[in-house]
Amino acid sequence: MNTKALIQKIPNSVKIAVLIVLAAKVLVLSTGYIVTYLNNGPTQPLTIIMDMFNRWDAPHYVDIAKNGYVNSGDPANFIVFFPLYPNLIRMFTADFNYINLSALIVSNVSSIIAFLYLYKLAKLEFNEGVAVKAVLFLSVFPTAYFLSAPYTEGVFFALVIASVYYARLGKWPIAGLLSLFAALTRMAGLVLLPVLIVEYFHQKGWKPRKTELNVLWAFSALAGFLIYLGINIQVTGSPFTFLTVEATHWYNRLDPWSGLSGAYSWAVNAQYPDNLTIGLVPLVFAMFGLLMVGAAVWRRLRPSYIVYMFLSWGLAVSTSWWISVPRYIMALFPMFFLLGALTNKKVVNVAIVVVSGAALCFFTVLFALGWWAF
């Protein structure tokens, strides 16, 4: 069968979804390239590409990929960053001169896989139309540039969404293994433990007597987290060093009230753009995430989706420093096919895309400039 025949066999909805993802990638990457070129001045195109999103946490992941975890100097503080993403960067790097390029490739390829599973999961729960809109709404989400930047979002989204997808199909070994890797990517991967348990018993009709040994795969995320604690012990001598470093170096601790009051203070007292990016926008996204959790309950999504959204939202707003809330709220992936199911009017869909897309471009510019953007 030739290439043309193979393409013709692909459903139109899949082709549309692919075009949406590629168009969004081009928008974000070209924006980052142009901003970096104008800001830093003319240089080699590859240098611009490797530098354009190398901001904030990104160099730390690259440092871990190059040097591993250490227990002295400022790099000792990088123990708070989970190991899977930097190890993937290292795995796909042949020359450290191009390690930033490897980080970009890992993130972008992973995020494309994440979009694939988002489409498949939304189609499984609803239909092709909702699946395409879910892909569209994630593609233009205001913080979707993190899916193209050297951050954990691409890898984490691919692992989490694929894990839930295979759990929905009852393929527990695959779902469990993916949840283990998710817990090695971010702390939020632990959320998959209760999510997979809820999904398992939902499929069993909430009858404990039907429980089989394959339920143990639902606990795989815990194994991933224990591996990370083991790395802490190996590097620092304590399993919970990352918590101490998070509090003392990154000034982040479990204190949602301080996070809320701090964001409000920045919103009313700080100057532009900090009043926006550190104050107002985190407050707006925290409220938006809570509304999406409420909408999921109202529309009676599967219990596992509601549990995932609620726990992910709670984790996003649980800290004393809300500066990354807009990025973390994006992880509530069931909200995208929920939005796809709720928005049946074309004018509403267009309005969402225009407003969200404009915010995406604005925050991408800030991020490429090196200003704080979540």
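The values are calculated or read from the model by the stated rules, or taken from the named source; none is laboratory data. Just so we're clear, the structure is a prediction, and the values are computed from it rather than from any experiment. Cβ sites come from the backbone with ideal geometry, for glycine too, and all protein chains shown count toward neighbours.
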Practice prompt. Give the stretch 126-147 a look and list any residue that's buried (at least 24 other Cβ atoms within 10 Å of the Cβ) and within 16 Å of Leu116 (Cβ to Cβ), or say none.
Written response: Ala131, Lys133, Ala134, Val135, Leu136, Leu138, Ser139, Ala144, Leu147
Worksheet item: Can you tell me which residues in the stretch 294-312 are part of a helix (DSSP H, G or I), of a type in the set (A, V, I, L, M, F, W, C) and buried (at least 18 other Cβ atoms within 10 Å of the Cβ)?
Response: Ala296, Ile306, Val307, Met309, Phe310, Leu311
Worksheet item: In the set Val245, Val195, which member is of a type outside the set (Asp, Glu), touching a Leu at 6+ places or on another chain (Cβ under 9 Å) and surrounded by 18 or more Cβ atoms within 10 Å (Cβ to Cβ)?
Response: Val195
Worksheet entry | Selected residue (criterion: nearest to the chain's Cα centre (by Cα)) from residues of the stretch 297-322 that are farther than 10 Å from Pro256 by Cβ and of a type outside the set (A, V, I, L, M, F, W, C) | Ser312
Worksheet item: Quick one: Arg253 ticks every box in (1) touching a Phe, Trp or Tyr at 6+ places or on another chain (Cβ under 9 Å); (2) among the charged types (D, E, K, R); (3) within 25 Å of Ile306 (Cα to Cα) bar one, so which box is it?
Response: (3)
Discussion item. I'd like to know if the stretch 42-61 contains one or more residues that are part of a helix (DSSP H, G or I) and within 22 Å of Ile227 (Cα to Cα).
Written reply: yes
Worksheet item: Does Val160 fit the bill of being more than 20 Å from Pro334 (Cβ to Cβ), part of a helix (DSSP H, G or I), in contact (Cβ under 8 Å) with a residue 24 or more places away in the chain and of a type in the set (Val, Ile, Thr)?
Response: no
Worksheet entry | Identity of the residue in the stretch 1-23, in contact (Cβ under 8 Å) with a residue 24 or more places away in the chain and outside any loop (DSSP other than H, G, I, E, B), that ends up surrounded by the most Cβ atoms within 10 Å (Cβ to Cβ) | Ala17
Discussion item. So if I check each of Leu291, Leu315, which one is hydrophobic (A, V, I, L, M, F, W, C) and closer than 18 Å to Asn252 by Cβ?
Written reply: Leu315
Discussion item. Condition first: surrounded by fewer than 20 Cβ atoms within 10 Å (Cβ to Cβ) and in contact (Cβ under 8 Å) with a residue 60 or more places away in the chain. Now tell me which residues in the stretch 169-187 satisfy that.
Written reply: Met187
Practice prompt. Determine if the stretch 362-374 includes at least one residue that is under 12 Å from Ala134 (Cα atoms), part of a helix (DSSP H, G or I) and either at pLDDT 95 or above or in contact with a strand residue (DSSP E or B) (Cβ under 7 Å, 6 or more places away or on another chain) (or both).
Written response: no
Item to complete: Just name the residue that is farthest from Val245 (Cα to Cα) out of those in the stretch 65-98 that are among the β-branched types (Val, Ile, Thr) and crowded, with 22+ Cβ neighbours inside 10 Å.
Response: Ile89
Worksheet item: Looking at the stretch 177-293, what helices (runs of 4 or more DSSP H) fall wholly within it and have at least 1 residues that are within 18 Å of Val160 (Cα to Cα)?
Response: 192-203, 220-236
Fill in: Enumeration of residues in the stretch 323-364 that are closer than 16 Å to Val281 by Cα, under 20 Å from the mean Cα position of the chain (by Cα) and among the β-branched types (Val, Ile, Thr)
Ile323, Val325, Ile329, Thr364
Discussion item. Here is a list: Val235, Val284. Which entry is closer than 25 Å to Met335 by Cα and either β-branched (Val, Ile, Thr) or out of contact with any helix residue (DSSP H, G or I) (no Cβ under 9 Å at 6 or more places or on another chain) (or both)?
Written reply: Val284
Worksheet item: Can you name every residue in the stretch 321-352 that is part of a helix (DSSP H, G or I), modelled with pLDDT of 95 or more and either within 13 Å of Thr143 (Cα to Cα) or charged (D, E, K, R) (or both)?
Response: Ile323, Ser324, Val325, Pro326, Arg327, Tyr328, Ile329
Item to complete: Among the numbered conditions (1) assigned to a loop (DSSP other than H, G, I, E, B); (2) under 22 Å from Ala158 (Cβ atoms), tell me where Ser72 comes up short.
Response: (2)
Item to complete: Consider only pairs whose beta carbons are under 7 Å apart and that are at least six residues apart or on different chains; among these, list those whose first residue lies in the stretch 292-311 and is more than 16 Å from Thr343 (Cβ to Cβ) and whose second residue is assigned to a helix (DSSP H, G or I) and of a type in the set (Gly, Ala, Ser).
Response: Tyr305/Ala296; Ile306/Ala296; Met309/Ala296
Discussion item. Return the residues of the stretch 127-145 that are among the aliphatic types (A, V, I, L, M) and part of a loop (DSSP other than H, G, I, E, B); say none if nothing qualifies.
Written reply: Val140
